[in-house]
Amino acid sequence: MFYRPEDGHGLPHNPFNAIVTPRPIGWISTRGADGSENLAPYSFFNAVAYVPPQVMFASTSAKSDRGDTKDSVANIRETEAFCVNIVEYEMRDVMNASSGAWDRETDEFDVSGAPRAPCEAIACSRVATAPANLECRLTQIVKLPGEANFVVFGEVVGVHLRDDCLVDGIFDVLTFNPLSRMGYRDYTVVREKFSLKRPGE
Ligand SMILES: Cc1cc2nc3c(=O)[nH]c(=O)nc-3n(C[C@H](O)[C@H](O)[C@H](O)COP(=O)(O)O)c2cc1C
């Protein structure tokens, strides 16, 4: 089949995010100017540069108590910092519990039971037990076409790696099994890996 998104797909559910899959999950922790804390998963997330290291995530749609966006972007506008917490398979239910459309005062660390620890380089909390945390300073927020579509870019200014995830100097994902988002209500988990040499290596 072929469809133009502006004409609709005619399927029971939008296949778009089942096409771009699997996606890593950036579990984003933020703090508002009033000190309130927030935690939410974003699968429109990726790394985008090495030097300096940079990441992005995209927020779509808005909450009625936040004007044109959701709590994460609103907090980042205020404090210009966020932390990306990597999600292991074991934390899938905790991550999912943090994704509810709670009001702005709700602290999703409390709601989900995600363990909290302070960041080192930014004024924000992180998920204490995550395999890795990327502490980020906001570089820019880009407004995309459509309603309430924003991409947040950040420079990574601090990196935490959980000690048991380092095997002979390698950050080995098989020690924790990263969770990834697919379409619909589906997820997948990394349980195997293989290596390829690039041409000329
Ligand atoms: C695995 C997963 C991935 C998600 N990815 C995104 C995403 O990329 N962009 C987005 O706007 N919402 C995404 N959501 C929904 C948000 O997590 C949800 O709207 C949340 O309430 C936003 O929280 P906040 O208002 O505290 O930022 C995702 C939810 C789940 C469970």
When you go through (1) on the phi < 0 side of the Ramachandran plot; (2) in contact with a helix residue (DSSP H, G or I) (Cβ under 7 Å, 6 or more places away or on another chain); (3) open to solvent by 40 Å² or more (accessible area, probe 1.4 Å) one by one for F176, which number turns out not to apply? (3)
Failed condition for F2, given (1) open to solvent by 20 Å² or more (accessible area, probe 1.4 Å); (2) more than 10 Å from the ligand (Cβ to nearest atom); (3) closer than 19 Å to E155 by Cβ: (3)
Provide a single number: the residues in the stretch 20-44 that are over 14 Å from D186 (Cα atoms), within 11 Å of the ligand (Cβ to nearest atom) and either under 10 Å from the mean Cα position of the chain (by Cα) or in a loop (DSSP other than H, G, I, E, B) (or both). 11
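Quick test for you: out of D103, D110, D168, pick the one residue that is within 11 Å of the ligand (Cβ to nearest atom), of a type in the set (D, E) and surrounded by fewer than 16 Cβ atoms within 10 Å (Cβ to Cβ).
It is D103.
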Matching residues, the stretch 149-173, being in contact with a helix residue (DSSP H, G or I) (Cβ under 9 Å, 6 or more places away or on another chain) and either among the basic types (K, R) or on the phi > 0 side of the Ramachandran plot (or both): R162
Among the residues of the stretch 140-156, is there at least one that is free of Cβ contacts under 8 Å to residues at least 12 places away in the same chain, open to solvent by 20 Å² or more (accessible area, probe 1.4 Å) and of a type in the set (S, T, N, Q)? no
So for the stretch 89-100 (the condition being among the acidic types (D, E) and in contact with a helix residue (DSSP H, G or I) (Cβ under 9 Å, 6 or more places away or on another chain)), does at least one residue qualify? yes
The condition from (1) free of Cβ contacts under 8 Å to residues at least 40 places away in the same chain; (2) of a type in the set (A, V, I, L, M); (3) open to solvent by 80 Å² or more (accessible area, probe 1.4 Å) that L11 misses is numbered (3)
Restricted to the stretch 69-124 and to residues being assigned to a loop (DSSP other than H, G, I, E, B) and small (G, A, S), the residue modelled with the lowest pLDDT is A101
Filter the stretch 51-70 down to residues that are open to solvent by 10 Å² or more (accessible area, probe 1.4 Å) and either within 9 Å of the ligand (Cβ to nearest atom) or among the small types (G, A, S) (or both), then give me how many there are. 9
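The values are calculated or read from the model by the stated rules, or taken from the named source; none is laboratory data. Fair warning: this is a prediction, and the values are worked out from it, not measured in the lab. Positions of Cβ are generated from backbone atoms using ideal geometry, with glycine treated the same way; all protein chains shown enter the neighbour counts. With ligands, DNA and RNA removed, areas are computed over all heavy atoms of the protein, side chains included. Shrake-Rupley method; radii C 1.70, N 1.55, O 1.52, S 1.80 Å.
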